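Asks: Let me give you the structure first, and then I'll get to my questions.
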Amino acid sequence: MNVIEEENVCPDCGSTNLTIDSGRAEISCKRCGLVIQESIMDRGREWRAFDKDQVNKRARTGAPMKFAISDKGLTTDIDWKNRDIHGNSIPERNQSQIYRLRKWNKKLRISGTGERNLALALSELDRQSSRLGIPRSVREDTALIYREAARKNIVRGRSIEGMVAASVYTACRRCGVPRTLDEVSQASKITKKKIGKNYRFLARELKIKLMPTSPADYVPRFASKLGLSGITEAKAIEIIQKLYNNGLITGREPTGIAAASLYVASVLSGEKKTQRDVAEIAGVTEVTIRNRYKELSEQLDIIV
C-alpha cells in the first residue's frame, strides 16, 4: 500500500491527516477512517522496470527539454549519414532530396535575428562551460539566466561573449559550484572588469540575490587538483569554520582563505604541498598565502 500524506480536511471529524491508498484507489481519514473519495485516478505509470535499460525501453515520453539548446531539444534532426531507419543505404537518386531536406530543416530551426543570436549565445555557453568543467545542471541554469535576459531585451548593445560569461559566473555562484573571475575570464577571453560589470548589471536587472561565496566551496576542487586526501580536505574546512567563528573571513578573498587553509591542513596532515603548488591551483599569489597563513597562526594559534 502506497500511503501519501495530503493536506485536506475530513468532512466528518475535521482532521487534516488524510492518506491516499493507491492500492484501493481511495482517500481516507486516518483519524476516523471515513473514505472521502474512491476510484481516484492513478497518475503513475502502468509498467514496471527493474533496471535503467528497461526504463529507457518502456518509457513512452521523449527526452526532457534542454534550455542549453536553442530549440530546447524539441525539434527533429536529420542525420548526416545517408542511411534509412533500418540502417540501409539511401539510393543515390534520393540523396539529393535528403540533402535539400537536411538543409531546409537546419534553416527552419533558426529563423529570425533573435533566434540566431540565441543560438550563437548557447554555442558560446557550451564552449565556456566545457572549458570550465561545470556540470549539466549549471549549464541549464546559465541558459535560463541568459534566456531571461534576452526576453527582457537587456542583452541588446552588449557583446554575446560578455553576457554569456556573466551568466556562467552567476549560475555557478547560484548553484554552489563557484568559479573564480580569473577562471571565467580565461575560459571566455573576456576581462575580469567587463565580466564583473555585466554580472552586476544582470543581478540588478533580473533581481538575482546571491550570498557571498564561502571559501569552503572552493576547498573540494582545490584539494582534488592537489591530490590531497579527504582528511586534509576536512581539516581545511574545519580551519575555515574556526575563521568564521572568529570573524576573520570578512573583507578577504575567498580563494586566498581556501588556499591558505589547504596549505596549513596539508602540512598538519603530513601531505605537505608547497605554497607555490597551492598558489598555482588556486589562482592566487604566494604572497597572499603567506599573509593569510600569518593571520591563521596568530588568531588560531596554529604553528606549522
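Asks: Select from region 240-263 the residues that are of a type in the set (Val, Ile, Thr), touching a Leu at 6+ places or on another chain (Cβ under 8 Å) and surrounded by fewer than 23 Cβ atoms within 10 Å (Cβ to Cβ) and list them in ascending order.
Replies: Selection gives Ile249 alone.
Asks: OK, next. Is it the case, given these coordinates, that Thr180 is surrounded by fewer than 21 Cβ atoms within 10 Å (Cβ to Cβ), touching a residue at least 40 places away in the same chain (Cβ under 8 Å) and of a type in the set (Val, Ile, Thr)?
Replies: yes
Asks: Taking region 198-220, which residues are in a helix (DSSP H, G or I) and touching a helix residue (DSSP H, G or I) at 6+ places or on another chain (Cβ under 8 Å)?
Replies: Asn198, Tyr199, Phe201, Leu202, Ala203, Glu205, Pro215, Ala216, Asp217, Val219, Pro220
Asks: Hey, another quick one. Please find, within region 145-177, the residue that is surrounded by the most Cβ atoms within 10 Å (Cβ to Cβ) out of those that are β-branched (Val, Ile, Thr) and assigned to a loop (DSSP other than H, G, I, E, B).
Replies: Applying the filter and picking the extreme gives Val155.
Asks: Taking region 97-114 on its own, how many of its residues are over 30 Å from Asp84 (Cα atoms) and touching a residue at least 24 places away in the same chain (Cβ under 8 Å)?
Replies: Selection size over region 97-114: 1.
No value in this document is a laboratory result; all are computed from the given coordinates. As the structure is a prediction and not an experimental result, all values here were calculated from the model. Using ideal geometry, Cβ is built from the backbone for each residue, glycine included, and neighbour counts are taken over all protein chains shown.
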